[in-house]
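K.L.:
The structure under discussion is supplied below as structure tokens; questions concerning it will follow.
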Amino acid sequence: MNSPALISKLPNVGTTIFTVMSGLALENDAVNLGQGFPDFNCDPRLVDVVSDAMKRGLNQYPPMTGIPVLRESVASKILALHDRHYDPAREITITAGATQAIITIILAIVHPGDEVIVLEPCYDSYVPNIELAGGVTVRVPLTPGTFRPDFDKISAAITPKTRAILINSPHNPSGTVWTREEMLKLQEILAPTNVLLISDEVYEHMVFDGEPHESAARFSGLAERAFIVSSFGKTYHVTGWKVGYVAAPAALTSEFRKVHQFNVFTVNTPVQYGLAAYMEDPKPYLDLPDFYQRKRDLFREGLKGSRFKLLPSEGTYFQCVDISNVSDMSEIDFCKWLTTEIGVAAIPLSAFYGDSFDQRVVRFCFAKKDETLLSALERLKML
Ligand SMILES: Cc1ncc(COP(=O)(O)O)c(C=O)c1O
């Protein structure tokens with residue numbers, strides 16, 4: 001084939017470590033704790049309400065911003081949990097998952113040359129999104145070892161060109177959850193600036209040990225400048241459905257919707273009706289911390305006999321471990337070895353850094369059936 005040559009818009013993007021590790025896991029019949037999604041099914045009632053919507057003929061384009069009843073449910077949930085009112089008509093938009101929400105926000109707000117601060121390690125779509133918008137990524141590390149935000153470094157990174165900062169709590173990959181004090185500190189730093197906040201809260205309902213999720217919605221000085229992003233995929237064990245939402249003040253939402261209109265236009269109609277019906281009962285999301293905390297504890301307990309050093313897992317469905325007592329290998333070599341020789345797949349944290357920073361920490365996902373976790377533990381506990 002003699003296709004015309006392209007100049008890549010993302011020359012540094014190649015096959016991701018997630019694809020590599022999943023391929024290796026499959027080839028070696030390994031237990032896959034690398035991939036960040038459940039290996040169990042969602043509540044059958046959720047499938048019923050979505051298929052009911054399909055059978056009722058709710059299969060055509062919905063409103064561009066999402067069906068009103070789902071936007072109202074999201075607004076009521078945020079009011080109940082965080083005591084902030086978002087107008088469903090002007091401030092909530094249903095998206096095709098959080099990934100689409102984030103690229104849409106970035107395309108809507110970042111002009112060529114604008115700086116956007118990301119806190120590394122971070123989710124892999126942020127940086128390519130900033131590059132596609134012509135922005136400049138400013139990488140600020142979370143504190144190695146604890147993954148807490150370093151506010152001196154964040155303050156130092158803010159310049160007159162800073163358009164936005166992206167935060168993610170509960171945090172993938174580290175499992176840390178920002179405290180009220182940390183959110184207040186961020187609010188204080190941003191107060192004298194025009195910097196916008198993109199708050200990736202996809203794991204909002206997975207915070208453990210009775211602690212609250214400190215959404216940006218809880219802080220007036222943050223909420224006024226924030227796009228808050230969440231994902232029904234994470235909350236309801238349906239990552240493949242790709243439906244999420246963005247909550248933001250009307251002026252911000254209005255710009256967001258201009259881009260949303262032309263990069264996705266609308267989001268799956270019957271799934272939206274199903275989610276709206278399912279959300280009438282808050283129990284599934286209110287029970288989620290206990291559901292995942294039990295799995296976290298099962299996994300941590302099982303690893304206690306090994307030489308892995310367990311890092312705290314305050315939220316999300318990830319458990320990070322320090323491998324330095326187990327092996328001298330780099331994170332990536334260790335993950336490959338673990339998959340091929342021990343039969344368990346994990347993800348190196350270096351995959352979440354632009355410079356592949358290696359601190360001898362790897363991430364396991366515990367959103368798995370107990371039997372999957374037990375079979376992984378059987379193999380891991382000998383290390
Ligand atoms: C931090 C973070 N943000 C966003 C997403 C994407 O969510 P969605 O599947 O709704 O696009 C993920 C999924 O792994 C994630 O971990």
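K.L.:
Would you please classify the overall shape of the range 139-184 from the alpha carbon gyration tensor, given that a ≥ b ≥ c denote the square roots of the eigenvalues, rounded means a/c under 1.5, and beyond that prolate means a/b larger than b/c while oblate covers the rest?
P.N.:
Values: a/c = 1.80, a/b = 1.67, b/c = 1.07.
Note, shape of the range 139-184 comes out prolate.
K.L.:
I want the antiparallel fraction of DSSP beta bridges within the chain, as a percent rounded to 5.
P.N.:
Roughly 45 percent of the beta bridges in the chain run antiparallel, per DSSP.
K.L.:
Moving on to the next point. May I ask you to give the solvent-accessible area per residue for the range 287-377, in square angstrom, as obtained with a 1.4 angstrom probe?
P.N.:
Per-residue value: 38 Å².
K.L.:
Be a star and scan the range 94-129 for residues whose amide nitrogen sits under 16 Å from the point 7 Å along the Cα-to-Cβ vector of residue 357.
P.N.:
117-124, 127
K.L.:
How far is it, in nm, from the label point at residue 181 to the one at residue 136 when both lie 7 Å from their Cα along the line to the Cβ?
P.N.:
Result for the modelled spin labels: 3.4 nm.
K.L.:
Please give the contour-minus-distance gain from residue 281 to residue 301: 0.36 nm per residue of separation, less the Cα-Cα distance, rounded to one decimal in nm. If you can, show how the numbers build up before the last one.
P.N.:
Working: separation 20, 0.36 × 20 = 7.20 nm, distance 3.23 nm.
The residue 281-residue 301 span can extend by a further 4.0 nm.
K.L.:
Still on this structure: Could you work out how far the C-alpha centroid of the range 253-293 sits from that of the range 300-377, in angstrom?
P.N.:
If you average the Cα positions of each part, the centres end up 31 Å apart.
K.L.:
Run the numbers for residue 45 and residue 69: contour at 0.36 nm per residue of separation, minus the present Cα-Cα distance, in nm.
P.N.:
Working: separation 24, 0.36 × 24 = 8.64 nm, distance 1.85 nm.
My answer for the length gained is 6.8 nm.
K.L.:
Ignoring ligands, DNA and RNA, please state the percent of accessible area on the range 1-127 from carbon and sulfur, probe 1.4 Å.
P.N.:
On the way: 3800 of 6690 Å².
The nonpolar share, carbon plus sulfur, comes to 57 percent.
K.L.:
I've got another one for you. Which one of 276, 265, 357 has its Cα pushed farthest toward the positive end of the charge dipole of the range 262-383, where Lys and Arg give +1 and Asp and Glu give -1 at the Cβ?
P.N.:
After comparing all options, I get 357.
K.L.:
Still on this model: Ignoring chymotrypsin sites (Phe, Trp or Tyr not before Pro) that are buried or in helix or strand per DSSP, and keeping those with at most 12 other beta carbon atoms within 10 Å, what is the longest stretch of the chain between them?
P.N.:
Numbers: sites that count: 40, 265.
In short, 41-264.
K.L.:
Same structure again: Between beta-carbons, use under 10 Å as the cut-off and find the net charge around residue 317, counting Lys and Arg +1, Asp and Glu -1.
P.N.:
Details: positive: 234, 295, 296, 368; negative: none.
Charge balance in the 10 Å sphere: +4.
K.L.:
Let me ask something else. What net charge is computed for the residues neighbouring residue 224, neighbours being all others with C-beta under 13 Å from the C-beta of residue 224, Lys and Arg scored +1, Asp and Glu -1? Don't skip to the end; give the middle numbers.
P.N.:
Details: positive: 84, 218, 225; negative: 91.
Neighbourhood net charge equals +2.
K.L.:
Of 318, 216, 228, which is farthest on the positive side of the dipole of the chain, counting Cα position, with +1 on Lys and Arg Cβ, -1 on Asp and Glu Cβ, and the Cα centre as origin?
P.N.:
Going by the charge dipole, the pick is 228.
K.L.:
Moving on. Fully extended, how many nm does the chain gain between residue 76 and residue 16 (0.36 nm per residue separation, minus their Cα-Cα distance)?
P.N.:
Values: separation 60, 0.36 × 60 = 21.60 nm, distance 3.76 nm.
In short, 17.8 nm is gained.
K.L.:
So which trypsin sites (Lys or Arg not before Pro) in the range 291-383 pass both tests, a DSSP loop state and at most 16 other Cβ atoms within 10 Å of the Cβ? Don't skip to the answer; put the middle values down first.
P.N.:
Working: sites: 294, 295, 296, 300, 304, 307, 309, 336, 360, 363, 368, 369, 379, 381; in loops: 304, 307, 360, 368, 369, 381.
Hits after loop and neighbour filter: 304, 307, 369, 381.
K.L.:
Just check the chain against the gyration tensor rule for me: Cα atoms, a ≥ b ≥ c as the square roots of the eigenvalues, rounded for a/c under 1.5, and otherwise prolate or oblate depending on whether a/b exceeds b/c. Working shown, then result.
P.N.:
On the way: a/c = 1.44, a/b = 1.21, b/c = 1.18.
Judged from the Cα gyration tensor, the chain comes out rounded (a/c under 1.5).
K.L.:
Any idea which of 89, 20, 36 is furthest toward the positive side of the dipole for the range 1-92, if Lys and Arg beta-carbons carry +1 and Asp and Glu beta-carbons -1?
P.N.:
Of the options given, the answer is 89.
K.L.:
What does the charge dipole of the range 300-383 about its Cα centre add up to, to the nearest 20 debye, if the Cβ of each Lys and Arg holds +1 and the Cβ of each Asp and Glu holds -1?
P.N.:
Around 240 debye, computed over the range 300-383.
K.L.:
Now for a separate question. Give, as a single signed number, the net charge of other residues whose beta carbon lies under 12 Å from the beta carbon of residue 283, with Lys and Arg counted +1 and Asp and Glu -1.
P.N.:
Numbers: positive: 45; negative: 43, 280, 281, 287, 290.
Residues near residue 283 contribute -4 overall.
K.L.:
Separate question: Specify the residue with the greatest mean-square fluctuation among 329, 279, 21, computed from a Gaussian network of the chain linking alpha-carbon atoms under 10 Å apart.
P.N.:
Largest GNM mean-square fluctuation: 329.
K.L.:
Treat every Asp and Glu Cβ in the chain as -1 and every Lys and Arg Cβ as +1, leave all other atoms uncharged, and give the resulting dipole magnitude about the Cα centre to the nearest 20 debye. Don't skip to the answer; put the middle values down first.
P.N.:
Working: 36 positive and 45 negative charges, 97 e Å.
With Lys and Arg at +1 and Asp and Glu at -1, about 460 debye.
K.L.:
Here's something else I'd like to know. Averaging sequence separations of C-alpha pairs under 8 Å and six or more residues apart, then dividing by the length of the chain, give the relative contact order as a whole percent. Intermediate values should be presented prior to the final figure.
P.N.:
Numbers: 741 pairs, mean separation 96.2, N = 383.
It comes to 25 percent, rounded to a whole number.
K.L.:
Something else about it: For the range 84-224, what class follows from the C-alpha gyration tensor (a ≥ b ≥ c being the square roots of its eigenvalues): rounded when a/c is under 1.5, otherwise prolate if a/b is larger than b/c, else oblate?
P.N.:
Values: a/c = 1.31, a/b = 1.09, b/c = 1.20.
Since a/c stays below 1.5, the shape of the range 84-224 is classed as rounded.
K.L.:
Something else: State, as an integer percentage, the relative contact order of the range 328-368 based on alpha-carbon contacts under 8 Å between residues 6 or more apart. Could the numbers behind the result be given before it?
P.N.:
Details: 46 pairs, mean separation 15.4, N = 41.
Answer for the range 328-368 is 38 percent.
K.L.:
Taking a cut-off of 26 Å between Cα atoms, list the lysines near residue 309, but don't count ones fewer than 8 places away on the same chain.
P.N.:
Of all the lysines, those that pass the test against residue 309 - Cα under 26 Å, at least 8 places apart if same chain - are 295, 336, 368, 369, 381.
The values are calculated or read from the model by the stated rules, or taken from the named source; none is laboratory data. Everything numeric here is computed off the predicted structure, so don't read it as measured data. Because the Cβ atoms are built from the backbone with ideal geometry, glycine has one as well, and the counts that use them run over all protein chains shown. The accessibility values were calculated without ligands, DNA or RNA, using every heavy atom of the protein model including side chains. Shrake-Rupley method; radii C 1.70, N 1.55, O 1.52, S 1.80 Å.
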